[in-house]
Amino acid sequence: MRRRDFLPTLAASAALAQTPQTGAADSKVERKGRLKQCVTRGVFARGTNLEDCSREAARLGCKGFDLIGPADWPTLKKHGLLPTMYPPGPGGNIPDALNRKENHEKLEKAMHAAIDEAAANGVPNIITFSGNRKGMADAEGADNCVAFLDKVKAHAEDKSITICMEYLNSKVNHKDYMFDHIAWGVDVMKRVNSPRVKILYDIYHAQIMDGDIVRNIRDHFQWIGHFHTGGNPGRHEIDDTQELNYRFIAKAIADLGYTGYVAHEYSPAQGRDAIASLNQAMEIFDV
């Protein structure tokens, strides 16, 4: 997980200085609601407990919280937040997942159980991964991923749960990861051809590997089920301290009629106020 220490500073920009701060319980922010935004733990100051994270996320207009496990779902729901993405486990982990046939029997049982649990608790998505290459050809890995997803897609369709395979970079953060280019993932999605098997399009990772973010989102929109954000380089705030025009990206996603969730998954840069940064990120996506 990406984390940075939280160090309040007087050097924050004027825009950040005007945003709601932690503890402003009476300043609930109303969003336009065109895009449903959610968060991950990393956007908060290191050491912040989930209760406080959930309270602030709800106050700032978040709809959900990604990658939080079943034991903590009551905390999210207490604050009106949806567990928007079932955490790693049933779909393997980043280096070891669907592209290895030897994992399929164990993961198939876990995925079926997770689909039922997610459906019973209003969790719309379950994360999964390709796994690392470890010398395997991309074509063989794709075949293996398709074979696994074909086994579980009917159950996901029946329960209205979306299995989301994450697109990650292999250049900076996840060396040897197989699903590191959009074309590979789209090929898998087309072959599985299920409304409940989609790509988790992480914009930070996509920018590192393929760029051309908006064109790729538009061209492959039907295969995308969820988004993550993060500034590049560094995976910090999504403002003008990095190279992407996230406001333009947000408008493009909204204009496509996207009805899923966008989860903020950056880590605040040192010296930034985590709550002010989150409010700013949500303002950028409030299109």
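General remarks:
- Taking all Cα pairs closer than 8 Å and separated by 6 or more residues, the relative contact order of the chain comes to 23 percent.
- Counting all C-alpha pairs of region 133-245, share separated by more than 16 Å (%): 60
- Peptides 132-143, 28-39 ordered by average Cβ neighbours within 10 Å, highest first: 28-39, 132-143
- On region 146-287, 45 percent of the accessible area sits on carbon and sulfur atoms, based on a 1.4 Å probe.
- FRET efficiency for LYS151 and THR259, using Cβ-Cβ distance with R0 set to 30 Å, rounded to 0.05: 0.65
- Cross-link reach list, lysines versus LYS106, counting only Cα pairs under 18 Å and skipping chain neighbours closer than eight places: LYS151, LYS153
- Here LYS63 is the anchor, and the lysines within straight C-alpha reach of less than 17 Å, apart from those fewer than 8 places off in the same chain, are LYS28, LYS32, LYS36, LYS77, LYS78.
- If you sort ILE217, ILE284 by accessible surface, 1.4 Å probe, largest first, the order is ILE284, ILE217.
- Surface exposure of the chain, expressed per residue as accessible area with a 1.4 Å probe, stands at 41 Å².
- Values (i) 118; (ii) 138; (iii) 167 are given for comparison; volume of the Cα convex hull per residue in Å³, derived from the coordinates here, is the one labelled (i).
- The share of accessible area on region 50-137 that comes from carbon and sulfur is 53 percent, using a 1.4 angstrom probe.
- Close amide H pairs (under 5 Å, H built 1.01 Å from N) link VAL197 with ILE163, residues at least 5 positions away or on another chain.
- Integer Hz, Karplus 6.51/-1.76/1.60 couplings in order for region 107-115, x for Gly and Pro: 6, 5, 4, 5, 5, 4, 5, 5, 4
- Each of SER194, SER27 has its accessible area taken with a 1.4 Å probe; listed largest first, they run SER27, SER194.
- Extension gain, ASP210 to GLU105, is 34.5 nm, computed as 0.36 nm per intervening residue step minus the present C-alpha separation.
The values are calculated or read from the model by the stated rules, or taken from the named source; none is laboratory data. This structure is a prediction, so every number in the text was calculated from the model and none was measured. Positions of Cβ are generated from backbone atoms using ideal geometry, with glycine treated the same way; all protein chains shown enter the neighbour counts. Each accessible area value is taken on the protein alone, full model and side chains, heavy atoms only, with ligands, DNA and RNA left out. Shrake-Rupley method; radii C 1.70, N 1.55, O 1.52, S 1.80 Å.
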